[in-house]
1. Within the range 75-94, how many residues turn out to be within 19 Å of the chain's Cα centre (by Cα) and among the polar types (S, T, N, Q)?
2. Here is a list: Val122, Val118, Val162. Which entry is under 19 Å from Thr98 (Cα atoms), at pLDDT 90 or above and touching a strand residue (DSSP E or B) at 6+ places or on another chain (Cβ under 7 Å)?
3. Hey, among the residues in the range 95-117 that are open to solvent by less than 30 Å² (accessible area, probe 1.4 Å) and more than 12 Å from the chain's Cα centre (by Cα), which one's nearest to Pro56 (Cα to Cα)?
4. Name every residue in the range 72-94 that is touching a Lys or Arg at 6+ places or on another chain (Cβ under 9 Å) and open to solvent by 60 Å² or more (accessible area, probe 1.4 Å), in order of residue number.
5. Could you say whether any residue in the range 30-43 is within 14 Å of Ile168 (Cα to Cα), open to solvent by less than 20 Å² (accessible area, probe 1.4 Å) and either in contact with a helix residue (DSSP H, G or I) (Cβ under 9 Å, 6 or more places away or on another chain) or not hydroxyl-bearing (Ser, Thr, Tyr) (or both)?
6. Does the range 118-128 contain any residue that is among the charged types (D, E, K, R), under 19 Å from Ser58 (Cα atoms) and in contact with a Lys or Arg (Cβ under 6 Å, 6 or more places away or on another chain)?
7. When you scan the range 137-146, do you find a residue that is aromatic (Phe, Trp, Tyr) and either closer than 21 Å to Phe33 by Cα or in contact (Cβ under 8 Å) with a residue 40 or more places away in the chain (or both), even just one?
8. Mind checking whether some residue in the range 145-155 is touching a Ser or Thr at 6+ places or on another chain (Cβ under 8 Å), among the aliphatic types (A, V, I, L, M) and within 22 Å of Pro91 (Cβ to Cβ)?
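The values are calculated or read from the model by the stated rules, or taken from the named source; none is laboratory data. The model shown is predicted, which means the values in this text are computed figures rather than measured ones. We place every Cβ from the backbone using ideal geometry, glycine too, and count neighbours over all the protein chains shown. Note: accessible area is taken over every heavy atom of the protein model, side chains too, but ligands, DNA and RNA are not part of it. Shrake-Rupley method; radii C 1.70, N 1.55, O 1.52, S 1.80 Å.
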Amino acid sequence: MKVLMITLLTFFFTGTLIAQKTNSVDTSKVAFFSKEASGVFKILSGNIVTDEGNVPTSFDLSIDVTSLKMSSGMQTKHAKSSEWFHASQYPNIQFKSTEVFKNDAGLFAKGELTLHGVSKTVTLPIKMDTENKYISFMTKFKVKRKDFGMALDRKEAPIIQVIAKVFIES
């Protein structure tokens, strides 16, 4: 009986592990907007673990802050400086989920967002879609710059809107 129980438990846990797949991010689109400025991050990397139905079970993503591009070179330089993202000291923005869950309002990823050297627990809404041979995961959320220790100038928006979309092969 003991052998049967161990065999069944081994089969169950092995089946659970095999049912999950780690997917490298294939392509991405990440942008931020405010009244005064907007920009696009060109490089995002990381992994998304999905179950056998391609539903995400975890996210581990990193944005290269030095890949930021804005409408002018002067704006890009300012945004990468210590007055905004401080790319030389904080070269990455990271999100690592601790939980992915679904409720009546939709799909969500809860985890640690690290920006400008400050980590905060956030819950991000996730919209999942199939596009050709890819599965996309999109989120829209707001960041209070002050919450992440980013300097505020009277002319600059205290809140920025972030839109991120990542793609994995289906």
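1. 2
2. Values: Val118 fails: touching a strand residue (DSSP E or B) at 6+ places or on another chain (Cβ under 7 Å); Val162 fails: under 19 Å from Thr98 (Cα atoms).
When all the criteria are applied, what remains is Val122.
3. Narrowing the range 95-117 to residues open to solvent by less than 30 Å² (accessible area, probe 1.4 Å): 95, 97, 106-107, 109, 111, 113, 115-116.
Cutting the leftovers down to more than 12 Å from the chain's Cα centre (by Cα) gives us 106-107, 116.
Details: Gly106: 13, Leu107: 9, His116: 27 Å.
Looking at residues that are open to solvent by less than 30 Å² (accessible area, probe 1.4 Å) and more than 12 Å from the chain's Cα centre (by Cα), I get Leu107.
4. Our first condition is that a residue be touching a Lys or Arg at 6+ places or on another chain (Cβ under 9 Å); within the range 72-94, this holds for 76, 84, 86-88.
Within the range 72-94, Ser88 is the sole residue that qualifies.
5. Going residue by residue through the range 30-43, those that are within 14 Å of Ile168 (Cα to Cα) are none.
No, every residue in the range 30-43 fails to be within 14 Å of Ile168 (Cα to Cα), open to solvent by less than 20 Å² (accessible area, probe 1.4 Å) and either in contact with a helix residue (DSSP H, G or I) (Cβ under 9 Å, 6 or more places away or on another chain) or not hydroxyl-bearing (Ser, Thr, Tyr) (or both).
6. We begin by selecting, within the range 118-128, every residue among the charged types (D, E, K, R); these are 120, 127.
In the following step, the residues that additionally are under 19 Å from Ser58 (Cα atoms) were identified as 120, 127.
Filter once more, keeping what is in contact with a Lys or Arg (Cβ under 6 Å, 6 or more places away or on another chain): none.
No, there is no match, as no residue in the range 118-128 is among the charged types (D, E, K, R), under 19 Å from Ser58 (Cα atoms) and in contact with a Lys or Arg (Cβ under 6 Å, 6 or more places away or on another chain).
7. The first filter runs over the range 137-146 and keeps only residues aromatic (Phe, Trp, Tyr), leaving 137, 141.
Still in the running and either closer than 21 Å to Phe33 by Cα or in contact (Cβ under 8 Å) with a residue 40 or more places away in the chain (or both): 137, 141.
Checked the range 137-146: at least one residue is aromatic (Phe, Trp, Tyr) and either closer than 21 Å to Phe33 by Cα or in contact (Cβ under 8 Å) with a residue 40 or more places away in the chain (or both).
8. Within the range 145-155, one or more residues are touching a Ser or Thr at 6+ places or on another chain (Cβ under 8 Å), among the aliphatic types (A, V, I, L, M) and within 22 Å of Pro91 (Cβ to Cβ).
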